1. Restricting the search to the stretch 92-108, which residues are in a helix (DSSP H, G or I) and open to solvent by 40 Å² or more (accessible area, probe 1.4 Å)?
2. List pairs: first in the stretch 128-157 and under 20 Å from residue 87 (Cβ atoms), second among the hydrophobic types (A, V, I, L, M, F, W, C) and in a loop (DSSP other than H, G, I, E, B), Cβ under 8 Å, 6+ apart or cross-chain?
3. Could you grab the pairs with beta carbons closer than 6 Å, sequence gap of 6+ or different chains, first residue in the stretch 20-33 and closer than 12 Å to residue 77 by Cα, second one surrounded by fewer than 12 Cβ atoms within 10 Å (Cβ to Cβ)?
4. Across the stretch 33-72, which residue is farthest from residue 95 (Cα to Cα) among those that are of a type in the set (Phe, Trp, Tyr) and modelled with pLDDT of 90 or more?
5. What residue, of 113, 130, 170, is farther than 26 Å from residue 59 by Cα, at pLDDT 85 or above and of a type outside the set (Phe, Trp, Tyr)?
6. Being modelled with pLDDT of 95 or more and among the aliphatic types (A, V, I, L, M) is the requirement here; does residue 162 meet it?
7. Any chance you could count how many residues in the stretch 109-167 are open to solvent by less than 50 Å² (accessible area, probe 1.4 Å) and not in a helix (DSSP H, G or I)?
Amino acid sequence: GLADVPSGMGAVRLHAIRARALAGHGDHAEAQAAITAAEEARNTRHQDDLHAGVAGEFAFDEAKLRYYQSLVVIDAEDPAATATTAGAAIRLYQAAPPRARSYGCEALARVQLARAQLMTNHLDPAAQALAGVLALDPQMRIGSLAQQPDTCRQLLAGSDYLSSATARQLDRQLAAFTSAGATPALPGR
């Protein structure tokens with residue numbers, strides 16, 4: 001893809017996707033290099049019809065790049081960088097007009113922020129970050145969001161949270177959220 005779209009928003013998207021794949025396979029140095037390449041591609045003046053013209057689902061703005069970056073650094077188990085990048089993504093999404101916001105990516109960024117906070121024993125801020133996720137109408141729960149709360153639940157099961165009533169309550173809320181599931185498939189699928 002990068003041979004056909006070497007710069008601009010298309011390249012940003014491709015580098016960011018590559019970064020996520022590398023991070024998922026444990027190659028954190030190369031994943032960070034791919035994020036850096038995405039940031040460099042973002043600074044070029046090149047525009048393509050799909051990302052700049054059509055946009056919508058095809059847009060890949062600063063908020064989405066920060067969200068992808070949070071996924072890369074959480075895989076590297078860097079809670080400070082995750083809190084920074086996920087927090088930036090959330091602020092950027094909240095500042096965008098409602099039509100331009102990706103509620104799914106914003107919710108997923110909130111889960112990454114909560115994970116980072118739980119990794120550093122900040123339970124109350126983690127619960128606050130998850131409040132917006134837990135309040136999502138079941139009809140708005142995208143498939144990728146259904147799996148993410150389990151990562152928080154695994155952290156809540158750790159010894160740091162065993163005696164915490166707040167942790168138990170948050171765990172129950174996450175379990176209920178997960179059991180409610182994602183939006184059902186369309187009929188006939």
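1. Taking the stretch 92-108 first, the residues in a helix (DSSP H, G or I) are 92-95, 98-100, 103-108.
Hits for the stretch 92-108 are 92, 94, 95, 98, 99, 100, 103.
2. Hits for this filter: 145/136; 145/182.
3. Every condition considered, no pair remains.
4. Within the stretch 33-72, the first condition is being of a type in the set (Phe, Trp, Tyr), and the residues that meet it are 58, 60, 67-68.
Checking the rest, the ones that are also modelled with pLDDT of 90 or more come to 67-68.
Numbers: 67: 15, 68: 18 Å.
By that ranking, first place goes to 68.
5. 170
6. no
7. 5
The values are calculated or read from the model by the stated rules, or taken from the named source; none is laboratory data. As the structure is a prediction and not an experimental result, all values here were calculated from the model. Ideal geometry is used to build each Cβ from the backbone, glycine not excepted, and the neighbour counts take in all protein chains shown. Surface areas here come from the heavy atoms of the whole protein model, side chains and all, with no ligands, DNA or RNA. Shrake-Rupley method; radii C 1.70, N 1.55, O 1.52, S 1.80 Å.
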